Amino acid sequence: MKRIEEPKTPVFVQCLQWVFDPVGYLEKNHHGYPDFFKSQGVGFGNEVVLTSHPQAMQFILSNDRKLFTAPGDTNCILEPMIGANSSIMLDGTNHKKRRQLVMPAFHGDRLRTYGESICQIAQEVMSQVPMGSTFTARKMTQAISLQVIFEVVFGLSTGDRADAIRELLIPMTDQFSSPLTSGLLFFQGFQKDWGAWSPWGRFLRLRNQLDELLYAEIRDRRAKPDPDRTDMLSLLIEARDEDGESLSEQELRDELMTLLLAGHETTATALAWGLYWIHRLPEVKAKLLDELHRAGTLEPIALAQLPYLTAVCQETLRRSPVAMLTFPRKAQEPVEMMGYSFDAGTLFMGCMYLTHQRADLYPNPQEFRPDRFLERKYSPYEFIPFGNGVRRCMGEALALYELKLALATIALNYELKLADQQPEVPRRRGVTLAPARGVRMVMQGVCSQPKALAEPAYG
Ligand code: HEM
């Protein structure tokens, strides 16, 4: 049995590389050690073993209730934002119970009811871009995804409190929009409140103001329960565990913050990349429009099933992954995998960024070619943008639905072009990757025959 080598680069240098050049760091290590490599930079202060091999990903993630666990305390880098009671910070039975409370809100009929809103929101946001102007696509996609998540999570998107929450949430997430400011999350020594003008001080003040608004909303909603509401906050307020206990205010706040942050940042980035790729490659956009026009007027749920639109979104998530890694999983006993042996207690992280760039799975991985998803079926460990196992992304269904509907709505209704031919490259944004320049675009016009989606047949 083989053992993996210790990294030769000093810990501090690994941390700097991981924060400032995450893609370079991953690619360099993968080149040296293709199956597994040890990192002291990636694991939020812990030593972790990274793998991108689908076989190893499958072994770890399909056993993360038995051989492995998905510990919450290893995700502490996110705690300042989402709090200690977020599902991301829980593990074991508490984590399982919380997922059982939250997950129903993302599935089936509930998701369908959001389809029409997603298309309308995409229209409304894009209609605010003046004709002929140059704009940053990621700002517009963030406005779209924020509005969507507001409706889904709170069941409200207008009103003074909603506006105030939005106005605080955007600067709070933008606080970590560059590699330098993202360093604040990774190097806890910089997490010092030196007043409102210091980066951490500003973050804390924004978060405290936001908390006041979230608690006020929770209290109001608890005081005036409305059985007709189907949003997540209402579901979480109503939810009871088997002992009849409901979630505390603190637990509700932490879960809300998790859903708001995880739910809009990631989808905004994926949509910005989607717009970039279809405008970078006119043949892809032409093929997409052809499919959309041929399909005629469709309900959102049918639109989201179109094969080429689906393939464009899959290829976007493959070619330009938003998340680089799964959360850590911990071996409960000594394990053997692909000829290597690992001690009990070893922490593993799956690296979907590298899996998605494997030439054995995706020939010419740098090429954006949606057809590869029509020609071949990939296993859930070969194409894995949302992770898998016990921590598999809770918002996957919503994210995919929103990505497809918003991309189709914008492609059908607006004539856009890239502002220049300079390629977009991925750059760290908090714990994710986003287009470095945010995708600069020009609004050229509204399509002469804007396509309306059918009224939904459901309530
Ligand atoms: C393109 C969009 C998105 C991507 C790429 C993405 C990716 C991921 C990944 C990779 C994980 C970790 C999975 C693992 O460790 O196995 C995750 C977890 C999570 N995601 Fe997403 N996500 C997206 C959108 C969303 C949305 C829209 C929401 C909610 C509205 C959401 C909520 C969550 C939550 C709550 C977790 C933690 C689950 C747990 O700890 O049990 N995500 N996501």
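Taking segment 438-459 as the search range and keeping residues that are surrounded by fewer than 17 Cβ atoms within 10 Å (Cβ to Cβ) and under 20 Å from M140 (Cα atoms), which one is modelled with the lowest pLDDT? Filtering segment 438-459 for residues that are surrounded by fewer than 17 Cβ atoms within 10 Å (Cβ to Cβ) and under 20 Å from M140 (Cα atoms), the one modelled with the lowest pLDDT comes out as P450. The number of residues in segment 186-206 being of a type outside the set (G, A, S) and either touching a His at 6+ places or on another chain (Cβ under 8 Å) or open to solvent by less than 50 Å² (accessible area, probe 1.4 Å) (or both) comes to 7. Answer yes or no: is there a residue in segment 63-77 that is away from the ligand (no atom under 16 Å from the Cβ) and not aromatic (F, W, Y). Scanning segment 63-77, I find no residue that is away from the ligand (no atom under 16 Å from the Cβ) and not aromatic (F, W, Y), so the answer is no. Within segment 313-329, can one find any residue that is away from the ligand (no atom under 12 Å from the Cβ), touching a residue at least 24 places away in the same chain (Cβ under 8 Å) and farther than 16 Å from P54 by Cβ? Checking segment 313-329: at least one residue is away from the ligand (no atom under 12 Å from the Cβ), touching a residue at least 24 places away in the same chain (Cβ under 8 Å) and farther than 16 Å from P54 by Cβ. Taking segment 1-110 and the helices (runs of 4 or more DSSP H) fully enclosed by it, the elements with 2 or more residues that are closer than 30 Å to Q250 by Cα, over 20 Å from the mean Cα position of the chain (by Cα) and among the charged types (D, E, K, R) are at 92-102. Set side by side, the residues L303, L281 differ, and just one is at negative phi, modelled with pLDDT under 95 and more than 16 Å from the ligand (Cβ to nearest atom), which is L303. A count restricted to segment 400-440 and to residues that are assigned to a strand (DSSP E or B) and among the acidic types (D, E) stands at 1. Remark: pairs (first residue in segment 79-91, closer than 20 Å to K330 by Cα; second residue among the hydroxyl-bearing types (S, T, Y); Cβ separation under 9 Å; 6+ apart in sequence or on different chains) = E79/S86; S86/T258; S87/T258; I88/T258; M89/T258; D91/T69. Among the residues of segment 339-349, the ones that are within 12 Å of S52 (Cβ to Cβ) and open to solvent by 10 Å² or more (accessible area, probe 1.4 Å) come to 0 in all. Can you confirm whether segment 368-382 contains a residue that is modelled with pLDDT under 95, more than 11 Å from the ligand (Cβ to nearest atom), more than 26 Å from E265 (Cβ to Cβ) and of a type outside the set (G, A, S)? Scanning segment 368-382 turns up no residue that is modelled with pLDDT under 95, more than 11 Å from the ligand (Cβ to nearest atom), more than 26 Å from E265 (Cβ to Cβ) and of a type outside the set (G, A, S).
Criterion first (among the aliphatic types (A, V, I, L, M), open to solvent by less than 20 Å² (accessible area, probe 1.4 Å) and at pLDDT below 95) does L398 satisfy it? In short, yes.
For segment 260-277, the count of residues that are closer than 17 Å to F150 by Cα, of a type in the set (D, E, K, R), within 16 Å of the ligand (Cβ to nearest atom) and in contact with a helix residue (DSSP H, G or I) (Cβ under 9 Å, 6 or more places away or on another chain) is at least one. Taking segment 274-305 as the range and being more than 20 Å from R440 (Cα to Cα), touching a residue at least 40 places away in the same chain (Cβ under 8 Å) and under 23 Å from the mean Cα position of the chain (by Cα) as the test, the residues that pass are P300, I301, L303, A304. Run down E251, E217, E255 and say which single residue is open to solvent by 40 Å² or more (accessible area, probe 1.4 Å) and out of contact with any Gly (no Cβ under 8 Å at 6 or more places or on another chain). Within the list E251, E217, E255, the selection yields E251. Summed over segment 91-106, residues that are within 12 Å of the ligand (Cβ to nearest atom) and either surrounded by 22 or more Cβ atoms within 10 Å (Cβ to Cβ) or over 22 Å from M349 (Cα atoms) (or both) total 8.
Taking D231 as meeting all but one of (1) within 29 Å of L403 (Cα to Cα); (2) charged (D, E, K, R); (3) open to solvent by 20 Å² or more (accessible area, probe 1.4 Å); (4) at pLDDT below 90, write down the number of the exception. Looking at each condition in turn, D231 falls short on (3).
The values are calculated or read from the model by the stated rules, or taken from the named source; none is laboratory data. The structure displayed is predicted, hence computed values, not measured ones. Virtual Cβ from ideal backbone geometry, glycine too; neighbours counted across all protein chains shown. Quick note on the areas: whole protein, heavy atoms, side chains included, nothing else; ligands and nucleic acids left out. Shrake-Rupley method; radii C 1.70, N 1.55, O 1.52, S 1.80 Å.
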